[in-house]
Amino acid sequence: MFQTIGVCGTGNMGRAIVKGLVAAHAIAADHIYLYNIHKEKAEALAKETGAVVVDTPEELARQSQGLIMAVKPNLMELALEAVRESLPADSVLISIAAGISLEKLAFYTGPETKIVRVMPNTPAKVGEAMIAVCRNKNVTEEAFATAMKIFAAVGQAEEIE
């Protein structure tokens, strides 16, 4: 399992993922880092779960072995630009944005970035999601297994090609 997980975006899906991870005891709450452009949203989730709020997307990226990008698709390019330079080479970027391919994510972050693309659905809020998961060629089996465990905390995750 990743030692640290960052969540960029604490709206409905980011919130559901964090709450699922904490409820499943998949990772210690104080090893989950949160960033939201509206800091009060991140702070409210941190108060509820014990996660840690960071002040910048760059700090979030530096802290995260697994960085979950839980932002709306129309904001993804800007969010990726904010974290791109700070993401450690061994970290895995996990996108839940609909309609943004692995290729486009790699275009924004660089060809060596380890990327997992996840398509959760709203039943994640109650731990009953059906989740499709795919990865690029840079993601190791171990890292992919860890990503699958993250999403098993909010539902049933299945790998797709």
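Sites listed here are trypsin sites (Lys or Arg not before Pro) in the stretch 1-70 whose DSSP assignment is loop and whose Cβ has at most 16 other Cβ atoms within 10 Å, and the list is empty.
Expressed as a whole percent, the accessible surface of the chain that belongs to carbon and sulfur atoms is 52, based on a 1.4 Å probe. Taking θ as phi - 60° and the Karplus parameters 6.51, -1.76 and 1.60, the scalar couplings of the stretch 51-68 work out to 5, 10, 8, 10, 8, 9, x, 5, 4, 4, 4, 4, 7, 10, 6, x, 10, 8 Hz in sequence order, x denoting glycine and proline. Across all directions, the shadow cast by the convex hull of the stretch 114-161 built on its C-alpha atoms averages 2.9 square nanometres. Under 19 Å Cα-Cα from residue 137, which aspartates and glutamates qualify once same-chain neighbours fewer than 8 residues away are excluded? Correct list for residue 137: 90, 103, 112, 158, 159, 161. In the structure shown, do any of 39/104; 19/47; 41/149 have a Cα-Cα gap over 19 Å, and if so which? Violating the 19 Å limit, Cα to Cα: 39/104; 41/149. Each part gets one Cα centre, and for the stretch 106-140 versus the stretch 51-75 those centres are 15 Å apart.
Accessible area per residue for the chain, computed on protein heavy atoms with a 1.4 Å probe, is 49 Å².
Close amide H partners of residue 155, meaning residues 5 or more places away or on another chain with modelled amide H under 5 Å apart, are 129.
Rounded to the nearest 5, what is the percent of antiparallel bridges among the DSSP beta bridges in the chain?
15
At a temperature of 37 °C and a viscosity of 0.692 mPa s, determine how fast the stretch 68-161 diffuses translationally according to Stokes-Einstein, using the Kirkwood radius over alpha-carbon pairs as Rh; express D in µm²/s, rounded to the nearest whole number. Stokes-Einstein gives a translational diffusion coefficient of 246 µm²/s.
Here the stretch 65-161 is treated with +1 on each Lys and Arg Cβ and -1 on each Asp and Glu Cβ, and its dipole about the Cα centre works out to around 220 debye. All C-alpha pair distances within the stretch 1-86, sorted into 10 Å bins from zero, spread as 20, 57, 22, 1 percent across the bins. Values (1) 28, 21, 12; (2) 25, 19, 15; (3) 20, 18, 14 are given for comparison; semi-axes √(5λ) of the Cα gyration tensor in Å, derived from the coordinates here, is the one labelled (3).
The values are calculated or read from the model by the stated rules, or taken from the named source; none is laboratory data. No experiment lies behind these values; they were computed from the predicted model shown. So basically every Cβ, Gly included, is an ideal-geometry build from the backbone, and we count neighbours across all protein chains shown. With ligands, DNA and RNA removed, areas are computed over all heavy atoms of the protein, side chains included. Shrake-Rupley method; radii C 1.70, N 1.55, O 1.52, S 1.80 Å.
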